[in-house]
Amino acid sequence: MASLGELERSVMEVLWTSDAALTANELRDALALRDAPGRIVATTTALTVLSRLERKGLVSRSRDMRPHRYRALLSREEHTAELMHEVLDRASDRDAALARFVSTASEREAATLRRLLDDLSRR
């Protein structure tokens, strides 16, 4: 999974928080409100970013009506988990990378990891 640029991340944040699929114009308007009021992203720029995200497999486009509507294919959590797997897959020593990650976890995160691992072992 390719990393996301700043505008791609902003677009994904808007799509992740939206209750419905959005048109490029709706997305553009949401970006203007969310990121930098007064900084307007052109509709063509929004369409280019959406097309790029679609090629990366992060966004789907509904073609059955005009204008097309876009939605995130993965939740924010699913995307984050895939990024974590990608980083671990590139590690020369996966066990050492996991050990380092766990050693930096907060008490709350460690408790969550313990609970999730316990749940997994019970399956």
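Coordinate-derived values only; no laboratory data. Bear in mind that the values here come from a model prediction, so they are computed numbers and not experimental data. Cβ placement follows ideal geometry from the backbone for every residue including glycine, while neighbour counts extend to all protein chains displayed.
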How far is helix 43-55 tilted, in degrees, relative to the longest principal axis of the Cα atoms in the chain, given as a value from 0 to 90 rounded to the nearest 10?
40 degrees
Give the order of VAL102, VAL14 when sorted by the count of other beta carbons within 10 angstrom, beginning with the fewest.
VAL102, VAL14
Report the one residue of HIS68, GLY5, SER121 whose Cα lies farthest in the direction of the positive end of the charge dipole of the chain (charges on C-beta: Lys and Arg +1, Asp and Glu -1; origin at the Cα centre).
HIS68
How large is the helix-only mean residue ellipticity at 222 nm for the chain, computed as the sum of -39500 (n - 2.57) over DSSP H runs with n ≥ 4, divided by its residue count, in deg cm²/dmol to the nearest 500?
-20000 deg cm²/dmol
Return a whole-number percent for the relative contact order of the chain, with Cα pairs under 8 Å and 6 or more residues apart as the contact set.
21 percent
Between the modelled labels at LEU113 and ARG76 (7 Å from Cα along Cα→Cβ) the distance in nm is 2.2 nm
With Cα coordinates, the longest principal axis of the chain makes an angle with the long axis of helix 24-34, in degrees rounded to 10, of 60 degrees
